Amino acid sequence: MTYIYIAFVDTPGFFARLIRIFLKQRYVHVALSADQWLSECYSVGRRNPAVPIFAGFEKEDKYSILHTFPGAYYRVCRLSCTGEQKRKIMEKLREDYERRYRIHYAVLALPFLVLNIPFYVRNQYTCSSYLAKALKEQGINIADKHFSLVTPKDFYEYEPMEVVFEGKLSRLVADDEAAWREGPVSHWLEGVSVYE
């Protein structure tokens, strides 16, 4: 067994505030990482942390996010899976990153999500619907509903999740850098030896 890591994100901003009101929870964004330090982390979200109107599939850069949102708050959870499941999930994320400009944020799906009506347009997702679909394809079913209706709250309430970090992104970055200085080889292997 090995792990994938789900990052729950709370950042300031108008759109985040709206989503927070509808979902009634702190964390309004989810991303999937190969390791707990978010060194290879993907999501459907802002293409540039500072510009909310351009969104799609992206590889997240924690340093850019920290620069734009110094007060960003994260919860990172690990979820056990087989080495084969992780390999296939990461392959899909990397492949989708190569075609990232064809995958868009599903703005039109938001009213349907509020009304609890499944709605899907090809290659358009919310952050949580993309991850729910990608995980379900590998046998990890976050919620018993259509993937387009899955929200960050469903991930948050998924019982097999185990919290490995909660706090400001600045602390996660500092912890990552400290762990790297103390033992770079083992620290590196923690995120890379993922297909055991």
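Laboratory data are not the source of any read-out in this text; all were calculated from the coordinates shown. The structure displayed is predicted, hence computed values, not measured ones. Counting neighbours? That spans all protein chains shown, and the Cβs are built from the backbone with ideal geometry, glycine included.
A few notes on this one:
- The stretch 63-172: GluC sites (Glu not before Pro) falling in loop per DSSP and having at most 15 other Cβ within 10 Å: Glu137, Glu157
- Extension reserve of the Asn141-Glu157 stretch, reckoned as 0.36 nm per residue once the Cα distance is removed: 4.5 nm
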